[in-house]
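Derivation of every value follows stated rules applied to the coordinates shown; laboratory data play no part. Source: prediction; values computed, not measured. Every residue, glycine among them, receives a Cβ derived from its backbone with ideal geometry; neighbour counts consider all protein chains shown.
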Amino acid sequence: MEIGDAQEYGSFERFQDRMLRARVKESVDGCIRTVDYRRSGRRMEMDWHCYLERYLKRRIDGKDVEPIRFLQSPEFAVGDSGHLETHDAKLTTRKGEPAWLLSAAPSQSWVAYQTQPHVHLPLILETPVGEVESERFPFGKLVVQQRAEFLHLEIDSGFRPFWSSVNWRAQIWQGMGIHPSDIVIRTRAPKVTAFINGDAMPVIWDDANEHWLLDPYARIPRVLDRVQPAGRPPVTVEP
């Protein structure tokens with residue numbers, strides 16, 4: 001992708017004409033993909049190792065250019081340092097695991113994305129409207145929004161299913177570290193609401209610890225145990 005400066009080209013048509021005259025050569029030798037881009041006044045050469053997923057060569061106008069691994073702006077940050085910051089938000093997770101953070105001030109939204117599908121990671125998202133903490137958060141995104149006077153969470157994430165008719169069994173597995181943990185919300189907002197994967201979830205005020213608590217397994221299981229103990233009536237599950 002190439003971006004043109006209006007002062008340099010004068011018009012989009014002149015920029016377009018220059019781009020249409022560009023030439024691109026591409027070849028693959030084993031795991032090495034080679035790209036050679038040329039147009040008037042500019043040349044870019046790249047060798048990309050498809051298996052290792054890294055540049056072997058990245059040269060612009062004959063000069064070697066170090067590739068940028070992670071990007072940063074006042075509204076967006078991505079990296080594996082374990083601590084990301086934007087102009088008004090912070091995200092803390094495990095060092096060495098890439099994550100990203102977005103601050104969308106016009107919509108009063110803050111987004112954290114846990115990018116590792118194979119592990120659960122600790123996540124602490126600090127925003128102007130509240131702090132959200134999870135000891136073990138699965139692959140997916142966490143959105144914090146300010147809606148009128150209350151705080152709203154939208155979570156789209158890979159929570160493991162737990163097919164049982166009683167919540168305490170899921171809590172045991174959570175305690176063992178096998179399933180994602182509860183989510184703690186600290187905020188001055190008088191009310192907190194939440195959706196997980198499109199389903200409305202209860203958020204409970206914990207008076208002893210003075211924070212809100214979101215149990216991702218509060219409304220599952222959605223099926224009864226397959227085996228009922230002899231002489232015991234079926235368990236009723238509230239929707």
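List the GluC sites (Glu not before Pro) within region 5-112 that DSSP assigns to loop and that have no more than 16 neighbouring Cβ atoms inside 10 Å.
Glu53, Glu75
Between Met1 and Thr115, the FRET efficiency from the beta-carbon distance, with R0 = 25 Å, is close to 0.65.
Loop-located chymotrypsin sites (Phe, Trp or Tyr not before Pro) in region 1-98 (DSSP state not H, G, I, E or B) with no more than 10 neighbouring Cβ atoms inside 10 Å: Tyr51.
Subtracting the Cα-Cα distance of Gln108 and Asp88 from their residue separation scaled by 0.36 nm leaves 6.1 nm.
Listed by chain and number, the lysines whose C-alpha is less than 25 Å from the C-alpha of Lys90, apart from same-chain residues fewer than 8 away, are Lys141, Lys191.
Taking one quarter of the surface of the C-alpha convex hull of region 76-214 gives a mean projected area of 8.5 nm². Relative to the current alpha-carbon distance between Ser73 and Arg136, full extension at 0.36 nm per residue lengthens the span by 20.0 nm.
Here is the list for region 65-167: trypsin sites (Lys or Arg not before Pro) lying in DSSP coil, each with at most 15 other C-beta atoms within 10 angstrom of its C-beta, are Arg69, Arg94, Lys95. Taking 7 Å steps out from each Cα toward its Cβ at Asp61 and Ala218 produces label points 5.8 nm apart.
Given their separation in residues at 0.36 nm each and the Cα-Cα distance between them, Asn197 and Arg43 gain 50.8 nm when the chain is fully extended. Say R0 is 25 Å: what FRET efficiency, to the nearest 0.05, do Ile32 and Tyr9 get from their beta-carbon distance? Computed FRET efficiency for Ile32 and Tyr9: 0.15. What is the Cα centroid distance between region 43-72 and region 1-37, reported in whole angstrom? So the two Cα centres are separated by 16 Å. Counting only Cβ charges, +1 for Lys and Arg and -1 for Asp and Glu, the dipole size of region 8-64 around its Cα centre is about 180 debye. Within the straight-line cut-off of under 16 Å between alpha carbons, the aspartates and glutamates reachable from Lys95 are Asp80, Glu85, Glu135, sequence neighbours fewer than 8 places apart in one chain being disregarded.
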